[in-house]
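Where a number appears in this text, it was derived from the coordinates with a stated rule and is not lab data. Since we're looking at a predicted model, the values are computed, not measured. So basically every Cβ, Gly included, is an ideal-geometry build from the backbone, and we count neighbours across all protein chains shown.
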Amino acid sequence: MNSGSSADLSLPATYPGGVNQFRSDGSLRHLLTLEGVPTSMIIGLLDTAQGFVRKIGKQRPALSQALHGVTVANLFTEPSTRTRVSFELAAKRLGADVVNLELQLSSRVKGESMLDTVCTLEALHVDVLVIRESEPGVLALVANNVAPHVSVLSAGEAHISHPTQGLLDALTVRQYKKRFDNLAIAIVGDIQHSRVARSAYQVFRALGVPDLRIVAPPALMPKPDEFTGCSRHATLKAGLKDADVVMMLRIQKERMTHASLPDADRYFSKYGLTPERLAVAKPDAIVMHPQPMNRGIEIASDVADGTQSVIRDQVSNGVAVRMAVLQTVMERVTAE
Ligand code: CP
């Protein structure tokens, strides 16, 4: 790989087209975005994940040795609980070796570039790089420069993309609603700064959801050229009416200036999901949240912990989805 240290990070809001995520035979090599992933491949990943869901929990040691001899490295430059733990568990459930690099404790802090760090991991025979990164474009840079046998998986990139979150959200919806072609899904909150919302939009569009809505105060709405095809709503009353799925989002404080941060109490008074506000959705609507949640800001505790909440299912499905993705990208490599 090249070990240069400069990167062009001036990327558009949607994923840049400069990364080819597929091998020449059409198989999935990298997963940085769900944009451009064929619907048949998305359904295949969900089916594979669903197969793992049935097995996880019954059997705690490795479920298979599909990734025996494979080494997975987790590199996170932003905090994470769910994504990092579930990628590690997923790799271990498939028999892989896992290394977790704490980037703030690594030689990155001495000035080593991401590409030199990746180059070092390649020399240590790492096969899969799972990267969470706050700078847009770093994942594409890495994917465009790694050795041919190495796969790069996004664990969340800036405000741009969180593809495995999108897949686990779709799996959760499918478990409860069975089909996508009759659903009204409302995504609520800080859409503008949310990679979760972008990946959810991409996956639900691909799966044919006919009624996709985004609900946010004007300051947190994305630009008009994004989320095309979604209806836009300024109130929960309008956006949640007869919805089948209500997906709440955290305010991404880390991507805002202090001056642009909404006041928490005022935000909750208008956009916080309470039982009364949820009542305008369908009676069997499910409530989702990618977490971490800020109870009392975007969601009331009695909704987060209530009977319509599927938030814990989302977390559990994260392991199965990441197993499916790891197994899929390594299929050609482990077959050799
Ligand atoms: N949903 C999600 O990405 O959670 P973490 O930040 O804890 O990984």
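Relative to the dominant Cα principal axis of the chain, helix 114-123 is inclined by about 50°.
Each other residue within a Cβ distance under 14 Å of Gln21 adds +1 if Lys or Arg and -1 if Asp or Glu, for a net charge of 0.
Placing +1 on the Cβ of every Lys and Arg and -1 on the Cβ of every Asp and Glu, with no other charges, gives segment 176-280 a dipole of roughly 120 debye about its Cα centre. Taking each DSSP H run with n ≥ 4 as -39500 (n - 2.57) and averaging over every residue of the chain yields -10500 deg cm²/dmol at 222 nm.
Report the relative contact order of the chain, percent, no decimals, based on alpha-carbon pairs under 8 angstrom and at least 6 residues apart. Write out the running numbers ahead of the final one.
Numbers: 617 pairs, mean separation 69.3, N = 336.
So the answer I get is 21 percent.
A simple count of charges around Asp305, restricted to other residues whose Cβ falls under 11 Å of its Cβ and scoring Lys, Arg +1 and Asp, Glu -1, yields +1.
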